Amino acid sequence: MGVRRIDAEGVEEVLAALERMIIVVEIDGDLAGCIELTRQGSRAVLGMLAVRPELQGRGIGGAIIREAERICRDELGAKEIRLQVLHMRSDIIGWYDQLGYKPNGEQIPFPYGNERVGVPKRNDLKFIVLTKVLD
């Protein structure tokens, strides 16, 4: 079993906050993926992008990101989007790069001791911040 990044209480917290939302994508009535959006002034933060493993590689993640960008720009009035990626995940960083997200030089410490992230097998983890300016 994977790490549970959010539970029912966490979802309720997101849904209760005016500046946060979760986009849920269904295919034929089944959950296919999701992403969290948080408005922070003139920027938005994306988090918890997930696509069901058996559906990955079909363009669903890219479609979710494009819809999240549209909502951030058109409905939230965001001028920039930020997201965090583990520094050593060059595959994910490369995927976001193809979508226009670039490292901004900022690094964020890994939240060791937080049960939501599981028990890391390394002690050198950190996040890098990727940003994209919205048109």
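Every read-out reported here was derived from the displayed coordinates using simple, explicitly stated rules and does not represent laboratory data. In this text, all values refer to a predicted model and were calculated from it rather than measured experimentally.
Out of [x] 1.25; [y] 1.42; [z] 0.94, which label holds the value of Rg/Rh (Cα atoms, Kirkwood Rh) that was computed here?
Here Rg/Rh (Cα atoms, Kirkwood Rh) agrees with entry [z].
Give the distance, in whole Å, between the Cα centre of the stretch 104-131 and the Cα centre of the stretch 23-62.
21
On full extension of the chain, what length is gained from R89 through V24, given 0.36 nm per residue of separation minus the C-alpha to C-alpha distance?
21.0 nm
Give me the count of lysine pairs in the chain whose alpha carbons sit under 25 angstrom apart, restricted to pairs 8 or more positions apart or on different chains.
4
Rounded to the nearest 500, what is the 222 nm mean residue ellipticity of the chain from helices alone, with -39500 (n - 2.57) per DSSP H run of 4+ residues and division by all residues?
Mean residue ellipticity at 222 nm (helix-derived): -6000 deg cm²/dmol.
Given a cut-off of under 8 Å on Cα pairs at least six residues apart, what relative contact order in percent is computed for the stretch 8-133? Mind dumping the intermediate values first?
Working: 179 pairs, mean separation 24.6, N = 126.
Relative contact order here is 20 percent.
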